[in-house]
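Okay, so here's the structure we're looking at.
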Protein chains: 2
Amino acid sequence: MSEQVQNRPVKITDTTFRDAHQSLIATRMKTEEMLPIAEKMDQVGFYSMEVWGGATFDACLRFLKEDPWERLRKLRAAIKNTKLQMLLRGQNILGYRHYADDVVEYFVQKSIANGIDIIRIFDALNDARNLETAIKATKKEKGHAQVAISYTLSEVHTLEYYVKLAKQFENMGADSICIKDMAGLLLPYDSYELVSALKQAVKIPIELHGHYTSGVVAMTYMKGVEAGADIIDTAMSPFSMGTSQPATEVMVETFRGTPYDSGLNQEILSEIAEYFRPLREKAMEEGLLDPKVLGVDIKTLMYQVPGGMLSNLVSQLKKQNAEDRFYEVLQEIPRVRADFGYPPLVTPSSQIVGTQAVLNVLMNQRYKMVTKESKALVRGEYGKTPVPISEEVRKMVIGDEEPITCRPADLLEPELEKIEAEMKQYKEQDEDVLSYALFPQVAEEFFKYRQAQKTKVDPALADTANKVYPV
Amino acid sequence: MSEQVQNRPVKITDTTFRDAHQSLIATRMKTEEMLPIAEKMDQVGFYSMEVWGGATFDACLRFLKEDPWERLRKLRAAIKNTKLQMLLRGQNILGYRHYADDVVEYFVQKSIANGIDIIRIFDALNDARNLETAIKATKKEKGHAQVAISYTLSEVHTLEYYVKLAKQFENMGADSICIKDMAGLLLPYDSYELVSALKQAVKIPIELHGHYTSGVVAMTYMKGVEAGADIIDTAMSPFSMGTSQPATEVMVETFRGTPYDSGLNQEILSEIAEYFRPLREKAMEEGLLDPKVLGVDIKTLMYQVPGGMLSNLVSQLKKQNAEDRFYEVLQEIPRVRADFGYPPLVTPSSQIVGTQAVLNVLMNQRYKMVTKESKALVRGEYGKTPVPISEEVRKMVIGDEEPITCRPADLLEPELEKIEAEMKQYKEQDEDVLSYALFPQVAEEFFKYRQAQKTKVDPALADTANKVYPV
Ligand SMILES: [Co+2]
Ligand SMILES: [Co+2]
């Protein structure tokens, strides 16, 4: 080491059971693939394991025919010592619309009751009002409310902007701050500066979350840790890198013997990696893990837009036989983004800005055609954009319509009761109401499947003499 | 940046045409796949491009049916501005035995005459005497002699050891020093210390060469550059990572806007990456690029032995139905290595030490059975080990035989004339003698193939009237 540094062990959040398989194999890891290794992972001494939320809830119900709540309870039973962590999209919970506060509160309550310790709460626009209810609910249930900054690049996303945001989150009761860099945009030396600034501004711990897509994230963690970051998000090596996180073992080894030594046991990690390696190979053979996602591509850094957005643009243009206009669209994107108040380019704003840029170019006139999502964004339905949208742009996009200036969820009536009434014929546990609230059709199908399974596994229920079968 | 640092742009050696495809696709990139992009790569402003030597020479002759000398001339013609670099195994040149000095000298002369600017010269044992002739020959031909330290971990491979080695190489006339870490053993913060120490000890530039196998190398480069490393070895992203080097574009972007900014143009790099991406995909489809080599595995760091050596051990033990003795062998390895004077664990010493450790364990008695390679190593035939081998071990391995204490090549008579006599019927250019010297059988087959191709492509040579065909 060049400088004398106080020992400051880095803490590790392992994402293998949530973000890693969501990023690499379309969220298809099954509970039965997690349980055999869960106790061993509990022995490692991770600061936390991210095991739930994000897309796993939907994937459980839709593709794996699993009850996500049951998964959580099983993981909690197997992982007795390590904190369990989940990802929650603020007022969107785990779905794609804004839910009323009573749903958010109930969801948080049930998540913690079923075993979650730490809830990472984020909003695509970094609108604190969309985080409020989830933060309060988490605190009320004695959970750890980690509030995430959706990291992006733009002329308004300055150090000052992020410092202000972090202070705001701390004041709202955040127990820690996460720098959530879903697109791999945070460069190593910028990470040093950002973390340094945040550490000066707030007292609560700083966690780094990034993806390997652009190839820099391990270095970004390293410089962030040198600047004082407390926790980093990693995944066991067979489910690391590419569109996932850096490898747990690699970051542990990197800091070994330095002031940032995590102290984790490499022998145990190695046994765990051995367990996951055949799962990786199986996923590769089945085509679930596409080797293309294992490469790195810095286009996202060059154009400051996520990789997925670029490939969407290409396919949109292809459909219109207008691939030759790709570079025009690339230039239009930052203009649309400025018009729309510089939203971070993450779901859903990345799609909204991208599609609008394509339309602006193809129509040869800006905002001649406007999508309903663009209108919703400009109307304020997603929340407040980082800077206000100008009168002029608003006129072009929504004409004389009145924009929303309040917290979007303030316009929503409590909806839990209505939802429960709709689905009560399927209800086997309280949590089913929440599954249905988030994904009504998918949950209903799952409930039917669950009933049918019971019939199958319990043939005693069939009254064979009368040829009557329960449905 | 945390500290004020003088601008010190990092230089980039791109390895795509040599180490990258040697590491990822068994050295199978064809000249015709290189030439369409060679001029564009020349425009980037790389410090150098490693395009020749290593296993490429053998692979050209053996698998690609290409004349390696012709490849070099074509690349030189296309790459007019960038320095061309090659890798040379000291007295082994590009083959697997020690060659007489006249062959080494002639090979170096012809390499430079055909277009090479920089020769990276290394020896598996770091025995300076095995580098002497190649260094002198390079200087005589006005080439840049880069001398590489074969990096390894052991109790005798201390900072002091490496500093002493670097000074020795500088005194021998090295124009630069390379830290050659073939197994990915150099950890980031150790890199900082090692480079700092070397920069203090020598005046010539320091280049870092590593592989992504253990997942740390990008960070190792970063800390090395912060400590003063001048040049780093990278590969274009589609042929980067896994068993290859870090991605060129990633390292360029990492240092952009910092005191280490390489200044390279990301737009040009992006165009070049676009060219290579389909080649990567083709190699993947054909099974030439095994996705397994794209992962990371820190076993090599845990056991301080290269990954390839571990898999060799497993397969040796499997053949003997003795897989249960794997961990005994792992413990025996450092003991054999100590007995044998701490050779770096690279080819060929990795195989020698590994096999001897297996024998020692399986025979339940150390050195009861000794391979002929172990004998050769102990006899000094590969050169001087980092520390002398004890009387006791020598007795056990070679009994009363007299070890070699001189430079191994001093025992070799000049051999060029004899070699030329053997192959002169095939000789079409001076360089053919060298191809034959290095790989007699393979070269002979290639020469026959070359003749046959000519017959085919030049039917005018056939005297059809008299039904006589040239052979
Ligand atoms: Co993520
Ligand atoms: Co190499």
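A few remarks follow.
- Checking each residue in the stretch A:224-254 for being of a type outside the set (Asp, Glu) and facing chain B (nearest Cβ under 8 Å) picks out A:Ala227, A:Ser237, A:Pro238, A:Ser240, A:Met241, A:Pro246, A:Ala247, A:Val250, A:Thr254.
- Being within 27 Å of the chain's Cα centre (by Cα), over 30 Å from B:Gln43 (Cα atoms) and surrounded by fewer than 22 Cβ atoms within 10 Å (Cβ to Cβ) is true of B:Gly308.
- Single residue of the stretch B:196-210 satisfying the filter (surrounded by fewer than 24 Cβ atoms within 10 Å (Cβ to Cβ) and within 14 Å of chain A (Cβ to nearest Cβ)) that is farthest from ligand 1 (Cβ to nearest atom): B:Gln200
- Screening A:Thr31, A:Thr16 for residues that are within 16 Å of ligand 1 (Cβ to nearest atom) and polar (S, T, N, Q) leaves exactly one candidate, A:Thr16.
- Test: residue in the stretch A:293-304 that is more than 12 Å from chain B (Cβ to nearest Cβ) and touching a Lys or Arg at 6+ places or on another chain (Cβ under 8 Å): no
- Any chance B:Met172 is within 11 Å of chain A (Cβ to nearest Cβ), modelled with pLDDT of 95 or more and more than 16 Å from ligand 1 (Cβ to nearest atom): no
- Residue within the stretch B:436-445 that is open to solvent by 50 Å² or more (accessible area, probe 1.4 Å) and closer than 17 Å to B:Tyr106 by Cα present: yes
- Out of B:Leu279, B:Leu301, B:Leu310, sole residue that is in a helix (DSSP H, G or I), free of Cβ contacts under 8 Å to residues at least 40 places away in the same chain and not aromatic (Phe, Trp, Tyr): B:Leu310
- Taking the criterion of being over 28 Å from the mean Cα position of the chain (by Cα) and of a type in the set (A, V, I, L, M, F, W, C), the only residue of the stretch A:403-439 that qualifies is A:Ala421.
- Against the conditions (1) open to solvent by 20 Å² or more (accessible area, probe 1.4 Å); (2) assigned to a helix (DSSP H, G or I); (3) more than 8 Å from every other protein chain (Cβ to nearest Cβ); (4) among the aliphatic types (A, V, I, L, M), A:Met284 satisfies every one except (3).
- One residue from A:Ala113, A:Ala100, A:Ala134, A:Ala124 being surrounded by 22 or more Cβ atoms within 10 Å (Cβ to Cβ), more than 15 Å from ligand 1 (Cβ to nearest atom) and either in the same structural domain as A:Thr158 (by TED's automatic domain parsing) or in contact (Cβ under 8 Å) with a residue 24 or more places away in the chain (or both): A:Ala134
- A residue that is within 25 Å of B:Thr300 (Cβ to Cβ), more than 16 Å from ligand 2 (Cβ to nearest atom) and of a type outside the set (Ser, Thr, Tyr) cannot be found anywhere in the stretch B:136-150.
- Residue check for A:Arg337: surrounded by fewer than 20 Cβ atoms within 10 Å (Cβ to Cβ) and outside the structural domain of A:Ala183 (by TED's automatic domain parsing): no
- Test result for B:Ser349, closer than 23 Å to B:Gln91 by Cβ and among the polar types (S, T, N, Q): yes
- Residues that are in contact (Cβ under 8 Å) with a residue 60 or more places away in the chain and crowded, with 22+ Cβ neighbours inside 10 Å were ranked within the stretch B:137-180; the one that is farthest from B:Val336 (Cα to Cα) is B:Gln146.
- Any hit, the stretch A:44-53, residues being more than 16 Å from ligand 1 (Cβ to nearest atom) and touching a Phe, Trp or Tyr at 6+ places or on another chain (Cβ under 9 Å): no
- Wholly within the stretch A:400-471, helices (runs of 4 or more DSSP H) carrying at least 3 residues that are within 30 Å of A:Thr385 (Cβ to Cβ) and at pLDDT 95 or above: A:431-438
- Every listed requirement among (1) under 21 Å from A:Arg89 (Cα atoms); (2) surrounded by fewer than 18 Cβ atoms within 10 Å (Cβ to Cβ); (3) basic (Lys, Arg) is met by A:Arg325 save one, (1).
- Residue match in the stretch A:332-352 (condition: within 13 Å of chain B (Cβ to nearest Cβ) and over 24 Å from the mean Cα position of the chain (by Cα)): no
The values are calculated or read from the model by the stated rules, or taken from the named source; none is laboratory data. Just so you know, these numbers come straight off a predicted model, no measurement behind them. Counting neighbours? That spans all protein chains shown, and the Cβs are built from the backbone with ideal geometry, glycine included. When the accessible area is computed, the model is the full protein with side chains, heavy atoms only, and any ligands, DNA or RNA have been set aside. Shrake-Rupley method; radii C 1.70, N 1.55, O 1.52, S 1.80 Å.
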